[in-house]
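Remarks on the structure that follows.
The values are calculated or read from the model by the stated rules, or taken from the named source; none is laboratory data. Note that the structure is a prediction, hence the values are computed from the model and not measured. Cβ placement follows ideal geometry from the backbone for every residue including glycine, while neighbour counts extend to all protein chains displayed.
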Amino acid sequence: MGGPADIDGKSHPETDNFLPCKFVIGGITYSSAENYFQCAKTTNDTDRNMVLKSGPGTSAWAAGQRVQIRSDWEAIKVDEMYNGNLAKFQQNDDLRTALINSGNGTVRFTGSTPFWNKWNGLIMERIRAELRQNGDEDARRAAEIRDTMNNNINLFNENDKRITTQLFSAIILSIIAKQLCVRPDADNHWAVRNYAPSRLAQMVK
């Protein structure tokens with residue numbers, strides 16, 4: 001959900017993803033960072049246009065809950081939030097100035113899930129450092145957060161590969177378990193076959 005972040009005890013409206021503001025990405029005009037983010041998860045023009053026309057704030061979030069989500073969304077959603085916010089600040093002088101002048105304090109969000117409270121804060125700190133470009137400290141901080149974002153994607157990909165391998169193994173076991181029994185007429189091959197679905201259920205919890 002939306003809401004501004006606190007920086008050094010002060011609320012900063014420019015950090016709110018629901019804040020109405022126009023910017024263009026790929027020839028399309030969006031009405032907020034949230035509007036872009038929810039559009040980015042779609043897989044077809046009908047859903048995308050519905051979200052695009054929904055508005056900048058809560059309505060954009062609600063529209064995004066009704067769309068078919070692209071299969072790689074979990075791997076790219078942090079980057080898409082960054083892309084939308086970067087364009088927002090690059091194309092709105094007043095918002096960019098407010099963020100750049102917010103100092104070096106930690107950007108703290110509290111109005112969303114723990115996942116997005118963390119990542120939205122890091123995204124804002126990265127953009128602030130990249131746009132300000134005030135010496136080695138900004139360069140170091142921007143690179144540090146960029147690496148953290150890349151590692152997050154790599155971690156997702158590794159987990160995805162591990163789960164896929166486990167699922168494949170369980171399916172194969174279920175199919176050939178009967179043939180693996182030494183004496184199919186006497187061995188309890190159904191116990192082996194039943195193991196695979198139970199293992200599968202544990203993995204997808």
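Need the failing condition index for ILE163 against (1) modelled with pLDDT under 55; (2) among the β-branched types (Val, Ile, Thr); (3) under 19 Å from TYR82 (Cα atoms), just the number. Looking at each condition in turn, ILE163 falls short on (3).
Filtering the range 61-103 to residues that are touching a strand residue (DSSP E or B) at 6+ places or on another chain (Cβ under 7 Å) and at pLDDT below 95 leaves only GLY103. Of the conditions (1) modelled with pLDDT of 95 or more; (2) touching a Ser or Thr at 6+ places or on another chain (Cβ under 9 Å), ASP47 clears all except one; give me its number. (2) is the only condition that ASP47 fails. Considering the range 121-150, the residues that are surrounded by fewer than 13 Cβ atoms within 10 Å (Cβ to Cβ) and of a type in the set (S, T, N, Q) include one that is nearest to PHE89 (Cα to Cα), namely GLN133.
Of everything in the range 23-40 that is aliphatic (A, V, I, L, M) and closer than 23 Å to GLN68 by Cα, the residue that is surrounded by the fewest Cβ atoms within 10 Å (Cβ to Cβ) is ILE28.
Kindly indicate whether any position in the range 82-91 is outside any helix (DSSP H, G or I) and more than 19 Å from the chain's Cα centre (by Cα). It would help to see each step written out before you state the result.
Going through the range 82-91, the residues outside any helix (DSSP H, G or I) turn out to be 91.
From the residues that got through so far, the ones that are more than 19 Å from the chain's Cα centre (by Cα) too are 91.
Within the range 82-91, one or more residues are outside any helix (DSSP H, G or I) and more than 19 Å from the chain's Cα centre (by Cα).
Take LYS41 and decide whether it is over 17 Å from LEU95 (Cα atoms) and touching a strand residue (DSSP E or B) at 6+ places or on another chain (Cβ under 6 Å). Against the criterion (over 17 Å from LEU95 (Cα atoms) and touching a strand residue (DSSP E or B) at 6+ places or on another chain (Cβ under 6 Å)), LYS41 qualifies. Restricting ARG128, ARG140 to those that are in the same structural domain as TYR30 (by TED's automatic domain parsing), modelled with pLDDT of 90 or more and charged (D, E, K, R) reduces the list to ARG128. Determine if the range 7-22 includes at least one residue that is under 19 Å from the mean Cα position of the chain (by Cα), in a helix (DSSP H, G or I) and surrounded by fewer than 20 Cβ atoms within 10 Å (Cβ to Cβ). No, there is no match, as no residue in the range 7-22 is under 19 Å from the mean Cα position of the chain (by Cα), in a helix (DSSP H, G or I) and surrounded by fewer than 20 Cβ atoms within 10 Å (Cβ to Cβ). Within the option set THR106, THR58, being among the β-branched types (Val, Ile, Thr), surrounded by fewer than 20 Cβ atoms within 10 Å (Cβ to Cβ) and in contact with a strand residue (DSSP E or B) (Cβ under 8 Å, 6 or more places away or on another chain) holds for one residue only, THR106. Filtering the range 92-131 to residues that are over 13 Å from the mean Cα position of the chain (by Cα) and of a type in the set (A, V, I, L, M) leaves LEU95, ALA98, LEU99, ILE100, VAL107, MET124, ILE127, ALA129, LEU131.
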